[in-house]
Amino acid sequence: MTPIQQDVINAIRDIPDFPKKGIIFKDITTLLARGDLFRRVVDEIADHYSSKKIDMIVGIESRGFIFGAALAYKLGAGIVPVRKKGKLPHKTIAVTYALEYGTDTLEIHADALEGKKHVLIVDDLLATGGTAKATAELVQKCGGHIEGCAFVVELAFLKGRQNMNGHEIYSLIQY
Ligand code: AMP
């Protein structure tokens, strides 16, 4: 394990039984509050993509916006939000995907990737991969090319990366 991986693991707080019984929620707010470590995390992820041409970050609501915005600044890219249904004001494209119980819908502005084709999808955490897979579908529907999908945390035991249709996946730490 590298020093930054150890520092991130130490900084993340486990919240048992949130938002429901049996889930151990990985609370990254305790990482965000440490300016030195937040910067190192963003720099580390940006380094991984330094040889790729990325002109747009697609950040997943809501913690993906935090890391995504910092990465966009660092990479000199724009940022596009992918949001829960009904939050985006202009014409949208939607994808509905299955949850453990029921479904959820994510949206992107239909014109969000006009002229910007090289996309990095960003979220704080990869679990089953349902959210990231739906986001990848939205990006492709908008004509974007997915250069990679970056996460701070991967719950590898849930095998989310197998759900990602072969897209490049980067995670800083794995459980
Ligand atoms: P999934 O679609 O199962 O990959 O879930 C990923 C989304 O749910 C991400 O936006 C995460 O922020 C959130 N999430 C899922 N499981 C957890 C967890 N154990 N701790 C924190 N966030 C989680």
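The values are calculated or read from the model by the stated rules, or taken from the named source; none is laboratory data. Please read all numbers here as calculations on a predicted model, not as lab measurements. Quick reminder, even Gly has a Cβ in these numbers, built from the backbone with ideal geometry, and neighbours come from all protein chains shown. Just the protein is used for accessible areas: all its heavy atoms, side chains included, with ligands, DNA and RNA removed. Shrake-Rupley method; radii C 1.70, N 1.55, O 1.52, S 1.80 Å.
Looking at the chain alone, DSSP beta bridges between its own residues are antiparallel in about 35 percent of cases.
Work through the residues other than P3 whose Cβ is under 12 Å from its Cβ and net out their charges, Lys, Arg +1 and Asp, Glu -1. Once all neighbours under 12 Å are counted, the net charge is -1.
Only one residue of L88, M1, L31 has its Cα farthest out toward the positive end of the dipole of the chain, where Lys and Arg carry +1 and Asp and Glu -1 on Cβ, and that residue is L88.
Note on segment 52-174: with neighbouring protein chains present and a 1.4 Å probe, carbon and sulfur make up 50 percent of its accessible heavy-atom surface. Subtracting the Cα-Cα distance of F157 and Y73 from their residue separation scaled by 0.36 nm leaves 27.1 nm. Volume of the convex hull of segment 29-69 (Cα atoms only), normalised per residue: 64 Å³.
Seen from I12, the other residues with C-beta closer than 13 Å to its C-beta sum to a net charge of -1, counting Lys and Arg as +1 and Asp and Glu as -1. FRET efficiency for the D17 to A110 pair, using the beta carbon distance and R₀ = 25 Å, is estimated at 0.05.
Applying the criteria of a DSSP loop state and at most 13 other Cβ atoms within 10 Å to the trypsin sites (Lys or Arg not before Pro) of segment 61-118 yields K85, K87, K91. Accessible surface for the chain, divided over its residues, is 51 Å² per residue with a 1.4 Å probe. Taken about its Cα centre, the chain carries a charge dipole of about 280 debye when Lys and Arg each add +1 at the Cβ and Asp and Glu each add -1 at the Cβ. Projected label points at T103 and M1, each 7 Å from Cα along the beta carbon direction, are separated by 4.1 nanometres. Close amide-amide hydrogen proximity is noted between G78 and M56, I57, each under 5 Å apart and 5 or more residues distant or on a separate chain (H modeled in the peptide plane; Pro and chain starts excluded).
For segment 103-175, the set of GluC sites (Glu not before Pro) satisfying both a DSSP loop assignment and a count of at most 11 other C-beta atoms within 10 Å is given as E114. Give me the percent of Cα-Cα pairs in the chain that sit more than 18 Å apart, rounded to a whole number. More than 18 Å apart: 60 percent of the Cα pairs in the chain. Using the rule -39500 (n - 2.57) for each DSSP H run of four or more residues, divided by the residues of the chain, the 222 nm mean residue ellipticity is -9000 deg cm²/dmol.
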